[in-house]
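The values are calculated or read from the model by the stated rules, or taken from the named source; none is laboratory data. Keep in mind the model is a prediction, meaning the values are calculated, not measured. Glycine gets a Cβ as well: all are built from the backbone with ideal geometry, and neighbour counts include every protein chain shown. Keep in mind that these areas ignore ligands, DNA and RNA; they rest on the heavy atoms of the full protein, side chains included. Shrake-Rupley method; radii C 1.70, N 1.55, O 1.52, S 1.80 Å.
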Amino acid sequence: MEMKYFGALIYIVFCLFYFRAKCFRGKKLQGDYDIRVEQAEFSEINLIAHSDGTFAVDLQMFRNGTRVVRSFRPDFLLIRQHSFSMAENEDFRNLIIGMQYAGIPSVNSLESIYNFCDKPWVFAQLVSAYKTLGAEKFPLIEQTYYPNHKEMLAMPSFPVVVKIGHAHSGMGKVKIENHYDFQDIASVVALTQTYATTEPFVDSKYDIRIQKIGNNYKAYMRTSISGNWKTNTGSAMLEQVAMSDRYKMWVDTCSEIFGGLDICAVKVVHGKDGKDYIIEVMDCTMPVIGEHQVEDRQAIADLVVTKMDYVLSKTPIPSPQRPTATAQPQSGTMKESEQSKIPAQRPPPQGGPLQPQGLESDNLPPHGVDKQTPSGQVLLPQNEPSSVGHTSSSVSSEEPLPSRQTEPPQKTHPPLNKSQSLTNAFNFTQSSFFHSSNTNDEAKADTIRNLRKSFASLFSD
C-alpha cells in the first residue's frame, strides 16, 4: 500500500530510539486509520528533503544479523534519543534540520529538540523564568558560564561542580575542591575547545525528578546508597512521592520554554540545608524510571496519538475541484465597468457621412473606439474585425492611426484595407451582424455591400 503523508489508510510513527511498539497496538487515528510504527537510531537513518514538501527517509540497519534497507515517509516523529552528545561524539543535528526542513510533526517539537542540543542555552531559559518568578517560587541554582578556557581565570567559591560541554548521564561533570584543581580542569577545557559552566556544590540529601507527559504528572525521589555525590551514578534508591503544587508549578513553568514541551522533566537537588535547587530540565529524551515505566510508555503513546489526531484535523483534505464553465465573452462586448471608461467616439472625417442609425446594439459599446495613450498617440483597439463578414481576429500589435485632422484625409494611410477603414468609420460591430438568424445575416450582408459601393471613394487614392 502506498504511504502518503496524512493521506493513506496507514499512518507511520517513526520512533527515534527504541520504543515499545506494542504501546500503539489497537490504536487508530480518529477511530478509522491504522498506525504503523518504525523504529531506528539516528545512526541508522538518512533522509533527503525538498523545499516543495517532498522527502524520503532511508533506513539501513541490522536486525537479527540481517541487513535491512528500506525507504518510507513517516507521518509523525517520536524522538527518544539525544541528537547531540559531546561525550559520545555523536552529532545528529543535521538530521533534525532535515526533518524540520521536511515539515514532519513530532513530539517534542523539532525546534525544541534542536534548542536542547546545548545545555547552557536551555539553562538561559530557566534564568528568564527565575527573573520573572523570583528565587522563592523558582529556586534555580547559581551558575557561571565560560565560553572557553581563557575566561576561566576568576576563581569561584569552592567546592564547585564544573560541567564541560554538552553531555548526559553525569558525563563531563567534575567536582573541584580548590583553585589548583580548577586550573587543571581549565587546561582540560582548553583541549575540548568548548564551553564550560560552574555551579556551587550542594551537599544533597536526595534528588527529586518531576516529570510531565502531556497531562500526566509524576515525582520521584532518588537517594544515593553508594555515597557518590552524583546520585545518578552507582547505587541509589528510587521511590515515587506525592505531586505537590510546588512541584507542578516548576515543571509547568519549564514546559513552556521553546514554544512548549509535551514531554519534559525537572531535576531538583534537595540539600542537607533543607533547600531545593533546580539544576536542570530534560526534554522528550528523558528515560522512564521507577515501577511505573509501562504506564509512562503508554502515556507517551497516547500523547502521540492525540497529537497526530490534532495535526490530522488541521490538515485540509483536498476535495476534487469541479470544472467551472466560464462563459467566453463575445467579440465586440465589454463589461459595464469598461463601458464607463470608453472615451467619446471620434467624429468622422470632415466631409464624410454621418454614422448610420440603427446599426449598433443599444447595450453594446461602439466597436472600433480608439484608445488614447498618455502621449496622445491613438492606438488600434484589440479584437478588431479583420474584414467585414468574417469573424474577428486579435490584433497582434497596436498600430498607430493618423492624428485627427481638420482637413480631409491625406493620401498617406495606415496599412489597413478598405473594409477595415469603412468598418472603423461607421463603428460596425460583430454583434450588429452575426448574432441573428441566417436570414438577417444575408440582409445585413447586402446592406454592407451597398454601403461599400456608396462610400468606396472615401479612402481611395
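Here are some notes:
- In the range 14-46, the residues that are under 17 Å from Asp296 (Cα atoms) and open to solvent by 30 Å² or more (accessible area, probe 1.4 Å): Phe17, Tyr18, Arg20, Ala21, Lys22, Arg25, Lys27
- Residue match in the range 198-205 (condition: buried (at least 19 other Cβ atoms within 10 Å of the Cβ) and in contact with a helix residue (DSSP H, G or I) (Cβ under 6 Å, 6 or more places away or on another chain)): no
Residue-by-condition table, conditions (1) within 22 Å of Asp296 (Cα to Cα); (2) of a type in the set (A, V, I, L, M, F, W, C); (3) modelled with pLDDT under 95:
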position: Ile10; (1), (2), (3): no, yes, yes
position: Ser51; (1), (2), (3): no, no, yes
position: Thr54; (1), (2), (3): no, no, yes
position: Gln60; (1), (2), (3): no, no, yes
position: Arg70; (1), (2), (3): no, no, yes
position: Arg73; (1), (2), (3): no, no, yes
position: His82; (1), (2), (3): yes, no, yes
position: Arg93; (1), (2), (3): no, no, no
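- Taking the range 231-257 as the range and being in contact with a Lys or Arg (Cβ under 7 Å, 6 or more places away or on another chain), crowded, with 17+ Cβ neighbours inside 10 Å and in contact (Cβ under 8 Å) with a residue 40 or more places away in the chain as the test, the residues that pass are Val251, Ser255.
- Being in contact (Cβ under 8 Å) with a residue 60 or more places away in the chain, closer than 29 Å to Phe158 by Cα and open to solvent by 40 Å² or more (accessible area, probe 1.4 Å) is a property that Thr192 has.
- Looking only at the range 163-189, residues that are open to solvent by less than 60 Å² (accessible area, probe 1.4 Å) and part of a strand (DSSP E or B) come to 5 in all.
- Among the criteria (1) under 25 Å from His168 (Cβ atoms); (2) open to solvent by less than 20 Å² (accessible area, probe 1.4 Å); (3) not hydrophobic (A, V, I, L, M, F, W, C), the one Tyr11 does not fulfil is (1).
- Among the residues of the range 80-122, those that are closer than 16 Å to Val57 by Cβ and surrounded by fewer than 16 Cβ atoms within 10 Å (Cβ to Cβ) comprise Asn94, Ile97, Gly103.
- Residue in the range 129-141 that is surrounded by 15 or more Cβ atoms within 10 Å (Cβ to Cβ), in contact (Cβ under 8 Å) with a residue 12 or more places away in the chain and part of a helix (DSSP H, G or I) present: yes
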